[in-house]
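None of the figures in this text is laboratory data; all of them are computed from the coordinates on show. In this text, all values refer to a predicted model and were calculated from it rather than measured experimentally. A quick note on method: Cβ atoms are made from the backbone with ideal geometry, for glycine too, and the neighbour counts reach across all protein chains shown.
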Amino acid sequence: MNRKILTSGIIVIIIALVVFISSCVKEPAVKVDDTGWTLEGVNTVVNANNQFAFDLYSQFKEESKDENIFFSPYSISVALTMTYEGARGKTAEEMQSVLHIPENANLRRANFAKIINEINKEDKKYKLHTANALWPRIDFRLLEEYQNTIDTYYGGKVTRLDYAREAEKSRQIINSWVEDKTEDKIKDLIPPGILNPDTVLVLTNAIYFKGTWVLQFDPKDTRDEDFTTSAGQTVKVPMMRLTGEDAEFNYVETDEVQILEMPYEGEDLSMLIILPKENNLEKIEESITPEKLSEWKNILKKQRVDIFIPKFKFETKYFMVDTLKKMGMVSAFNAPPADFSGMDGTKNLKIQNVIHQAFVEVNEEGTEIAAATAVIVGRESVQITPVFRADHPFIFIIQQKDTGNILFLGRVSDPTK
């Protein structure tokens, strides 16, 4: 189609995530307006994010087969919610249904803002921060109401770029922002060729976490042991171990599963590991829900546990348009019927792509995590000490302990890949 007569716009959503282990560095906080937030409202947004997390996990497991999975539901949800703020009509209805976010604007915005401020709070024993940004084309007019909403409640500052004449330079500028916000862990987030003269807007989100275990593993105790993969193969992996009288953790087991909670320094965040008692993770995946997770968390008890967990490191990348369509977000990808008139007053915009990229590394010290999202708009109980031996596939979750907000969710099918 000739660009001069092109009537539909383009939105590309790009998300990146990194996890690995290291120490903490102080980061200035970003403040947004959370006036009117309530505990009930925060719980509503958290429940929405967690439901979206498991809905998305269900789609990824169908597409990923026996592969590892890792993503940030929070990062994806924030990027799509900023996009939703400009959606209208059926497009907004479908996005709200997929994201489960509150329809009430005041409820949604104030409590998203409160979560952002909580993530960015200062004086922590770990490092956790998030940031958002808008990158409109130099001649693209955003509605003032939309721009103010993203700035006020999501902290998205505006930087104008020339996608028509300097698409590659614009790509490098946005990717540099992502690298900076993720401590250089996410590079080349936006691939070459994604930005072009039809691009009118990019929205980005980044989240970064870096912390250490309250009880660290001793590297001298790590040794190679067998791990049975989802494909049934046996591979050698460096297995970390933590035993002895100090090894006390929140733990529970049922007939089918063992659940272990490992806190990070500061004890605001923790990793939950969900390990099937036998190599039947698929059965657990079919039944896990936010409600089931809450049920398990409510019966966790602090006790002595001998822990054996593999070190692992892997990368993931998801192109999510088809995934989101399957989840019910259909009209946003075609104009018409896509309606993002809340962004610019026209119905000429549509989502072109959604990309999520992630990296995770876990070792004896703790966990470091970074994630980034970009939206591009254009024209077109036992008496003995339990043993928690993760020598077969498991699910892991990194959450905010006070609210249960799932920041990161993954599956280890093969620690060697």
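Under 5 Å between amide H atoms, partner at least 5 residues away or on a different chain: which partners does LEU407 have, H built in plane at 1.01 Å?
ILE398, GLN399, GLN400
If I model a spin label at GLU278 and PHE319 as a point 7 Å from the Cα along the Cα→Cβ vector, what separation in nanometres do I get?
3.9 nm
Set Lys and Arg Cβ to +1 and Asp and Glu Cβ to -1, take the dipole of the chain about its Cα centre, and tell me which of PHE396, LEU281, ILE355 lies farthest positive.
ILE355
Could you give each residue of segment 75-90 its phi-based ³J(HN,Hα) in whole Hz, using Karplus coefficients 6.51, -1.76, 1.60 with θ = phi - 60°, and x for Gly or Pro?
3J(HN,Hα) across segment 75-90, in whole Hz: 4, 5, 5, 5, 4, 6, 5, 4, 5, 4, 4, x, 8, 9, x, 4.
Using alpha carbons only, how many angstrom separate the centre of segment 393-417 from the centre of segment 49-104?
Answer, in whole Å: 17.
Over what distance in Å are the Cα centres of segment 148-203 and segment 266-285 separated?
Each part reduced to its Cα centre gives a spacing of 35 Å.
If you place +1 on the Cβ of every Lys and Arg and -1 on the Cβ of every Asp and Glu, how big does the dipole about the Cα centre of the chain come out, in debye to the nearest 20?
Dipole about the Cα centre, nearest 20: 1180 debye.
Multiply the residue separation of ARG141 and GLU365 by 0.36 nm, subtract the distance between their alpha-carbon atoms, and state the gained length in nm to one decimal.
Taking ARG141 through GLU365 to full extension adds about 75.9 nm, to one decimal.
When a footprinting reagent is the concern and you count Cβ atoms within 10 Å, what order do SER75, SER64 take, fewest first?
SER64, SER75
Give a quick list of GluC sites (Glu not before Pro) in segment 105-213 that DSSP marks as loop, anything other than H, G, I, E or B, with at most 10 other Cβ atoms within 10 Å.
For GluC sites (Glu not before Pro) across segment 105-213 that sit outside H, G, I, E and B with at most 10 neighbouring Cβ atoms in 10 Å, the list reads GLU122.
When the Karplus curve 6.51 cos²θ - 1.76 cosθ + 1.60 is applied with θ = phi - 60°, which whole-Hz ³J(HN,Hα) does each residue of segment 193-210 get, with x for Gly and Pro?
Each residue of segment 193-210 in turn: x, 6, 8, 8, x, 7, 5, 10, 7, 10, 10, 10, 10, 9, 9, 9, 9, 8 Hz.
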